[in-house]
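To start, the structure itself, in structure tokens.
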Amino acid sequence: MQQQHEQTSLKRQLEPLHVRSRHRWPAITGARLVAALLVCLLLPSALGAHVQVSRSMREQMRRFVSKVPLGIDYLGQLTDSQRTAWSHDIGYTINQTLQALTEVKVEIIVNVKLVGFGGDGNEALHIADHDLQLYLRTLHNQLDTVALHPSPEHMLIKPEFIFRVMPAYYELAPRVAAAINQAINTGQTTNAFTPDYQLHLVPYHEVDKIIDEDFSHSDGSYTIYLLNPPAHAPYAYTYNEQGNATDSCPGSLYVSSKRYAWFDISANLTFYGPGPGGKGQVFAHSTPILQHYKQDSMAQAVLPDLVALVWSACQVGDRASSKTSRPSNNL
């Protein structure tokens, strides 16, 4: 009787599952097919388009997946009632079902928060969130996913980024500026990376603890913070690990172990990377810094560069997850 009730409950929760697919990929079977199906449940917008699964159903599948050891076939761990529920007819032919399951599109929500872009930041720059949103919508926002082990192979999952641009909480910009100003007043300077002038060194954690606090009140989506703080010494500071001249190479980008990263366009970007050339070199014009733009056209000129920065962050973040908090020079 309990088994019949479980079967009926699962069937009812599968009723809202509607899938539309547009492309065809080579069919997969067995454990990989079930794994793809489980991905679709765990991510509510997989399988090509609009997938609606109840929250309780997703939670059931999360618990199920967490109990199955790595390397074990999920299909063999399903109970009879779960197998029966999965066989519930949603009106698809076998070819349509295989076509849907072999192109797993996953929507990834990325929040872009503007800090100090409402006229309250450096250079009194004003960029409306909807203007940046319009630029981001023009991107071809799908990526291929490649598995590198045991040999390079294209995977069936196709990430698709959905951007949501929003102004940050109004107190965030002055709090970040206050932290930078405090570090400038009490910290060290160096000309090791800029021989013609001294740079103030700001420890990453002084700003990151403020950003981390803001992120803790968010919905947990991936978030990119674009900072333009009203610091009293714009372009005369940069960041490094401990704020001393003997520490790591300075930069203006920080990637957290949580689902966020931040970039300060008012910090000075120094030159570093492999001396002879090649991948990994970072120059003064590699990323947007406000001092490189003319005052009368600054807002219009910096917009596409901010979009390129956000898109680059998404491409890097999709391929390399962050295990520990660290500065990053990959963008």
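Taking Tyr222, Tyr239, Tyr169, Tyr254 and ordering them by how much accessible surface each has at a 1.4 Å probe, largest first, produces Tyr169, Tyr222, Tyr254, Tyr239.
Under 5 Å from the amide H of Glu160 lie the amide H atoms of Val106, Glu107, Ile108, each residue being 5 or more positions distant or on a separate chain, with H modelled from the backbone and absent for Pro and chain starts.
Ranked by solvent-accessible area (1.4 Å probe, protein heavy atoms only, all chains present), the residues Leu199, Leu98 order from largest to smallest as Leu98, Leu199. Counting only protein heavy atoms and using a 1.4 Å probe, the accessible area of Tyr74 comes to about 50 Å². Using a probe of 1.4 Å, the accessible surface attributed to Ile90 totals some 80 Å² when neighbouring protein chains are kept in position.
Taken along its three principal axes, the alpha carbon spread of the stretch 116-198 comes to 52, 36, 23 Å, from the longest extent down to the shortest. Counting only heavy atoms of the protein chains and using a 1.4 Å probe, Glu206 has close to 50 Å² of accessible surface. Computed from the Kirkwood radius of its Cα pairs, the Stokes-Einstein diffusion coefficient for the stretch 69-133 at 25 °C and 0.890 mPa s stands at 142 µm²/s.
The values are calculated or read from the model by the stated rules, or taken from the named source; none is laboratory data. Everything numeric here is computed off the predicted structure, so don't read it as measured data. For accessibility, only protein heavy atoms count, side chains too; no ligands or nucleic acids. Shrake-Rupley method; radii C 1.70, N 1.55, O 1.52, S 1.80 Å.
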